[in-house]
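Computed from the coordinates by the stated procedures, all read-outs in this text should not be read as laboratory data. The model shown is predicted, which means the values in this text are computed figures rather than measured ones. Reconstructed Cβ throughout: ideal geometry from the backbone, glycine too, with neighbour counts over all protein chains shown.
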Amino acid sequence: MKWKQDPYFESIEQIHKSLELKPIIALKNFIAREPSGSIPISAVSKRGLEFDIHINVARFMRQYPSIFEEFTGPLYNLPWFRLTQEAVEIDKEKRRVYEECRDDLREGLRRFILMSREKALHLKIIKGLEWYLGLPSDFLENPEVNLDGSFRFVEMEDGLKGLAVVKNEGEKVLTVLQRNAIKRGVYSGEPNEAIEFPLFPSQGLRLRRKIEDWLIEFQRLPYVSPYEDYSHLDPSTDLAEKRVVGFLHELLSLFVDHTVERKRLLCLKKQFGLPQKVHKAFERHPRMFYLSLKNKTCTAILKEAFRSKSAIPSHPLLNVRKRYIKLMKQSGRILKSRRVTNRSVDQPNVVKDLDPDYEEDCKGGGAMAD
């Protein structure tokens, strides 16, 4: 199926600025943890890869003067950085959200783990997706505060540490798709009951008649919740594909921006029982997902989250990230203003003062020495 650009999804800032924001937040957190609230550049200059920064760290921070304020340190005239007052205020709001919405963050993590085959995930997988789940970087380091009795740390089969979730007896976890279908009165939760995925065609994107007919039959298939056992499914069937598509829908609904870099899903295949070419599911269902090729990567977007905003609950951290993006954009205006100011300072005077001796000669009749 030929990919077609959708201007609407290509223009959503919270999606396409998210990757740019991630290293900024990592640096911001590093500075905020310092008792003095400031750091010398030497504290981070050799740690660019740790923050996912691929240029000189000082140069990177100077690109965002609305977030990082540079000043001369107390020793050796080294450059130091601290957060601007606006960044400090947003950081306070973020901390408040973490405190007030800890239960929501915990539930998102719980659901993520419950979709896995063993109801347990490697810690490195959770760490790799904590940005998308909206978890603070130290969330797992404080289990007594952030986790409840349903979580337990385990040793996985390959010897690596993992986090498992124990379901309550008789507990039935419903996906956002199931909850919405129940609200609409089109789903009762009976076995082998169908739920049609909400579809949102992009303008100018037409499916072949054969694909249209297949999609109608696909929608009529029973809905297989990603929280249920799928071991009995034949991976080559359309029913197995509907389970995979349902998993991707639920996964993206848990994420802050309801998007994910497609390559991030590669590490999930074994743990979540996904097919080798799981990325093809996004391409085969362009009315559910949109693939953006901006920022030199491929980002999968859940269309329903943006076309039917009341259908997918908003993540508690979303507004905080939007504020950071707005502040981040101010940096461009600040740098532009500085460039204009510097050009005006460096601009030479068009009319220069005459040499005093030359002026005297002119007054004396213009006689010149031989």
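Evaluate the distance, in nm, between pseudo-label points positioned 7 Å from the Cα of residue 144 and of residue 34 along their respective Cα→Cβ axes. Label-label distance for residue 144 and residue 34, simple model: 3.0 nm. Less than 5 angstrom separates the built amide H of residue 68 from those of 84, all sequence-distant by 5 or more or on a different chain. Simple spin-label estimate for residue 183 and residue 217 gives 3.3 nm between the two label positions (7 Å along the Cα-to-Cβ direction from each Cα). For segment 103-170, what Kirkwood radius comes out of the mean inverse Cα-Cα distance, in Å? After inverting the pairwise mean of 1/r, the radius is 12.1 Å. For 279, 249, what ranking results if the residue with the fewest other Cβ atoms within 10 Å of its Cβ goes first? In increasing order of surrounding Cβ atoms, one gets 279, 249. Computed from the alpha carbon positions, the gyration tensor of segment 238-351 leads to an equivalent ellipsoid with semi-axes of 43, 17, 12 Å, biggest first. Across the cross-link table entries 22/119; 124/242; 4/303; 46/296, which are compared at the Cα atoms, the separations over 20 Å belong to 22/119; 124/242; 46/296. So how far, in whole Å, is the C-alpha centre of segment 54-122 from the one of segment 159-232? Their Cα centres are 34 Å away from one another. For segment 172-315, the direction-averaged projected area of the alpha-carbon convex hull comes to 9.3 nm². From least to most packed, judged by other beta carbons within 10 angstrom and beginning with the fewest, 49, 114, 177, 233 follow the order 49, 233, 114, 177.
Using the Cβ-Cβ distance between residue 236 and residue 100 with R0 = 41 Å, the FRET efficiency computed as 1/(1 + (r/R0)^6) comes to roughly 0.30. Size descriptor for the chain, Kirkwood hydrodynamic radius: 24.2 Å (Cα pairs only, one decimal). Placing pseudo-labels 7 Å out from each Cα toward the beta carbon at residue 41 and residue 194 gives an inter-label distance of 6.3 nm. Extension gain for the segment residue 13 to residue 118, taken as residue separation times 0.36 nm less the Cα-Cα distance, is 34.2 nm to one decimal. As a rough guide to protection, the peptides 183-194, 97-108, 57-68 ranked by mean Cβ packing within 10 Å, highest first, stand as 57-68, 97-108, 183-194.
The stretch between residue 329 and residue 93 holds 83.1 nm of extra length on full extension. This uses 0.36 nm per residue minus the Cα-Cα distance. Given a cut-off of 28 Å, name the pairs among 94/329; 172/309; 270/309; 277/326 whose C-alpha atoms lie farther apart than that in the structure shown. Flagged as over cut-off: 270/309; 277/326.
Averaged over residues, the count of other Cβ atoms within 10 Å places the peptides 29-35, 161-167 in the sequence 161-167, 29-35, highest first.
Taking other C-beta atoms within 10 Å as the exposure proxy, 232, 122, 258 rank 232, 122, 258 from fewest upward.
For residue 340 and residue 157, FRET efficiency with R0 = 45 Å and r from the beta-carbon atoms, rounded to 0.05? Calculated transfer efficiency: 0.15. Per-peptide packing, taken as the mean over residues of other Cβ atoms within 10 Å, places 129-136, 83-90, 148-155 in the sequence 129-136, 83-90, 148-155 from highest down.
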